[in-house]
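To start, the structure under review is shown below, and the notes come after it.
The values are calculated or read from the model by the stated rules, or taken from the named source; none is laboratory data. Given the structure is predicted, the values throughout are model-derived calculations rather than measurements. So basically every Cβ, Gly included, is an ideal-geometry build from the backbone, and we count neighbours across all protein chains shown.
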Amino acid sequence: MAKKSLGGRLAFIVVVLVIFGPLVSAGDPLPASSGTSALFLTISAEARGNLLSDSDLVLTQGTADLSDNPPLDPQGEGQATTGYDEKTVATSGTITYTKTIHLDSSNQGAIGANLETVRQIDYTNQGDGNDVGAMYSKESVMIEVDNSGSEQGDPAANGQASGGMWIPDCSNPPCDNAVCDDDQEASSALRVIAGSEVHLKEGSVNSASSSRTISDDPDAGIELSYSVDVDGSGQTGKDRAEGKAEVFIDAILEEGSDAGLNETTEMSHDQSVIVNGLIEISMETGYSSP
């Protein structure tokens with residue numbers, strides 16, 4: 001991973017914007033199950049002393065039995081995962097902390113999301129009068145989509161949809177044998193992860209994320225977005241945070257064909273920026289397809 005490190009007592013301002021898309025079949029969402037669920041969480045906390053917050057969330061949707069994966073069934077099985085994790089530890093200071101999480105496993109449209117998060121933190125180690133405390137916080141959001149099988153045919157023709165992919169049914173007319181013989185197996189994999197990590201004596205962290213991997217409309221596509229701002233603490237009125245911060249994104253796309261024997265397309269992007277000292281850093285990044 002390429003990294004850039006900046007140090008000293010100057011103020012550093014970094015803005016990173018990365019957008020991917022549209023890409024090919026790895027960007028197809030998966031349809032929801034017959035039963036869906038939703039989760040909503042709101043947390044608001046203030047402390048003069050210590051605070052610990054720990055979150056870990058994973059939602060996986062498949063087109064077949066998830067318990068026997070891997071491997072995926074080569075006849076068109078798909079699996080999509082969205083995940084979120086966050087850990088914040090603050091000691092010997094004053095901190096305000098709020099976070100909301102909204103998770104919905106139902107089919108989403110082009111402007112909908114299966115997962116949405118918002119987080120706001122403000123910390124200073126001067127709050128308890130001894131100036132020896134610190135805050136550590138790390139957060140990341142990810143999507144991962146794997147499709148394996150045949151992509152061929154017209155929805156108006158015989159066949160069935162599986163994981164955003166069309167599988168011809170050659171057991172019944174009017175399927176043309178030539179079309180079936182020419183059918184190519186296609187496999188694809190997509191993984192995107194974005195996040196941030198801070199070690200601060202004082203400062204504020206504001207972040208938001210959203211992801212979509214479940215939809216009954218392939219044109220809705222899949223999506224991930226993440227934004228974060230690290231700035232000065234509202235408790236002290238300083239316009240810069242003090243400490244160290246990193247923002248990052250890691251994305252990889254792989255496409256295969258010819259019965260899955262060959263990998264025909266690969267794209268990857270890896271970005272990390274680190275600042276140290278009196279700092280201000282902002283990142284907005286994401287993936288979307290189509």
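Against the test of being modelled with pLDDT of 85 or more and over 30 Å from Tyr123 (Cα atoms), the options Ala80, Ala45 yield a single qualifying residue, Ala80.
Restricted to segment 34-49, and to residues there that are polar (S, T, N, Q) and over 30 Å from Lys201 (Cβ atoms), the residue that is surrounded by the fewest Cβ atoms within 10 Å (Cβ to Cβ) is Ser34. Screening the candidates Leu51, Leu59, Leu39, Leu72 for the property of being within 17 Å of Val145 (Cα to Cα) and either in contact with a Leu (Cβ under 9 Å, 6 or more places away or on another chain) or free of Cβ contacts under 8 Å to residues at least 60 places away in the same chain (or both) yields one hit, Leu59.
When each of Leu52, Leu72, Leu57 is tested for being surrounded by 14 or more Cβ atoms within 10 Å (Cβ to Cβ), at pLDDT 95 or above and in contact with a strand residue (DSSP E or B) (Cβ under 9 Å, 6 or more places away or on another chain), the lone residue that passes is Leu57.
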